[in-house]
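Right, one structure below, let's go through it.
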Amino acid sequence: MQTAAQLRTIVEALATPQGRTVGTVAHDAARDYLVDRLAATGVEPYANGRYGLAYSARGAHFTNLFGIVPGADRDRAPVLLGAHYDTAGVQPGADDNAAAVAIVLEVAHRLRESAAERDVVIALFDAEEPPNFQTTAMGSTYFMARQARGPVHAAIILDLVGHEVPLPGAEDLVFVTGMESDPQLESTIRGLSGDPRLRVVTALNRYVGDVSDHHAFRLSRTPYLFLTCGRWEHYHRVTDTPERLAFEKMAAIAGLTESIARDVAGRSLEGPWEGYDTTETDLELLRAAMGPIAARAGLALRDRGDIDRLVALLIGQLGL
């Protein structure tokens with residue numbers, strides 16, 4: 001309950017009716033609030049004693065926010081844990097993406113109390129939403145091109161992680177893509193301890209595409225995992241408000257994200273890039289989480305073809 005309440009506090013502070021559209025007073029207020037949260041968490045500024053790294057692109061001005069949680073071995077390339085903080089217009093953006101920001105900050109606090117095996121960069125990206133999406137102005141793209149201080153060991157990106165999946169029997173699911181980006185990530189996922197509030201389903205990123213900030217890391221062939229609950233009826237709407245979120249599910253996702261970050265920090269990710277078949281693990285997790293749903297659709301979940309058909313069904317129903 002305590003974690004859920006802490007997450008709610010951050011979401012409610014960020015998800016105001018004014019939104020967090022780039023270039024607005026409300027966006028600047030959200031940026032300043034998040035700088036204060038990073039400082040209160042005790043993470044180190046990323047560069048030149050600052051959490052905020054301003055930049056200009058495509059005739060506009062933006063600010064990415066970063067902190068560093070020191071790890072046991074500071075000479076190793078860091079893990080990056082990230083989420084974007086802007087909104088797509090004047091809307092509260094509770095699920096998109098205040099929920100993910102709150103979870104990232106919560107994990108930063110936990111890693112600050114007990115260090116991972118290497119540094120973890122806490123990244124709150126600007127300019128993820130249209131019209132900057134997948135342009136040179138996108139915060140994660142700009143970071144990789146101009147602001148990164150060195151290689152990134154792996155990126156863990158969260159987006160749309162605040163709601164129950166709007167499908168009967170699947171409300172507690174969280175989807176993870178990118179496991180195919182390095183063979184060791186399969187061991188990370190298989191080693192996760194269960195939480196009764198949450199079930200994990202893995203899928204190839206090609207099913208949903210580069211719909212968030214993991215785009216920049218995939219293009220640079222940096223191992224990554226992308227966590228999401230998919231789109232829902234309040235996506236990019238003024239109805240995306242805090243009271244609609246599932247804060248206990250978010251608390252479980254915070255625990256999951258912490259476990260993933262700690263495990264990945266201890267792994268040697270040496271590829272090959274997208275060089276192995278994830279079908280067995282994908283099927284195992286799908287059977288456990290969505291067996292009845294697949295059965296009603298006439299799918300036995302025996303091979304990649306069955307996964308393809310189930311994913312097509314889910315995309316049609318959920319807009320993943």
Original post:
Exactly one of (1) part of a loop (DSSP other than H, G, I, E, B); (2) surrounded by fewer than 23 Cβ atoms within 10 Å (Cβ to Cβ); (3) touching a residue at least 40 places away in the same chain (Cβ under 8 Å) is unmet by PHE133. Its number?
Top reply: (3)
Subject >> Residue list for segment 173-225, restricted to those being surrounded by 20 or more Cβ atoms within 10 Å (Cβ to Cβ) and of a type in the set (Phe, Trp, Tyr) >> reply: PHE175, PHE217, TYR224
Original post:
Can you spot a residue in segment 211-219 that is part of a strand (DSSP E or B), in contact with a Gly (Cβ under 8 Å, 6 or more places away or on another chain) and of a type outside the set (S, T, N, Q)?
Top reply: no
Original post:
When the residues of segment 56-73 are filtered to those that are touching a strand residue (DSSP E or B) at 6+ places or on another chain (Cβ under 9 Å) and within 17 Å of PRO131 (Cα to Cα), which remaining residue is surrounded by the fewest Cβ atoms within 10 Å (Cβ to Cβ)?
Top reply: SER56
Original post:
For segment 149-199, what are the residues that are over 22 Å from ASP277 (Cβ atoms) and not in a loop (DSSP other than H, G, I, E, B)?
Top reply: ALA155, ILE156, ILE157, LEU158, LEU173, VAL174, ASP195, LEU198, ARG199
**OP:** Would you check if there is a residue in segment 179-186 being acidic (Asp, Glu), under 20 Å from GLU258 (Cβ atoms) and within 18 Å of the chain's Cα centre (by Cα)?
**Re:** yes
**OP:** Name every residue in segment 124-140 that is touching a strand residue (DSSP E or B) at 6+ places or on another chain (Cβ under 6 Å) and aromatic (Phe, Trp, Tyr), in order of residue number.
**Re:** PHE125
**OP:** State all residues of segment 34-51 that are in a loop (DSSP other than H, G, I, E, B) and surrounded by fewer than 17 Cβ atoms within 10 Å (Cβ to Cβ); if no residue qualifies, say none.
**Re:** GLY42, ASN48, GLY49
**OP:** Select, from ALA288, ALA295, the only residue that is among the hydrophobic types (A, V, I, L, M, F, W, C), surrounded by fewer than 19 Cβ atoms within 10 Å (Cβ to Cβ) and without any contact (Cβ under 8 Å) to a residue 60 or more places away in the chain.
**Re:** ALA295
**OP:** Provide a single number: the residues in segment 200-210 that are in a strand (DSSP E or B) and either closer than 16 Å to PHE143 by Cβ or among the β-branched types (Val, Ile, Thr) (or both).
**Re:** 3
Original post:
If only one of VAL238, VAL264 is closer than 23 Å to PRO183 by Cα and at pLDDT 95 or above, which one is it?
Top reply: VAL264
Subject >> Selected residue [over 21 Å from the mean Cα position of the chain (by Cα), within 23 Å of HIS215 (Cβ to Cβ) and either modelled with pLDDT of 95 or more or outside any helix (DSSP H, G or I) (or both)] from HIS61, HIS27 >> reply: HIS61
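The values are calculated or read from the model by the stated rules, or taken from the named source; none is laboratory data. Everything quoted here is computed from the prediction, not taken from an experiment. So basically every Cβ, Gly included, is an ideal-geometry build from the backbone, and we count neighbours across all protein chains shown.
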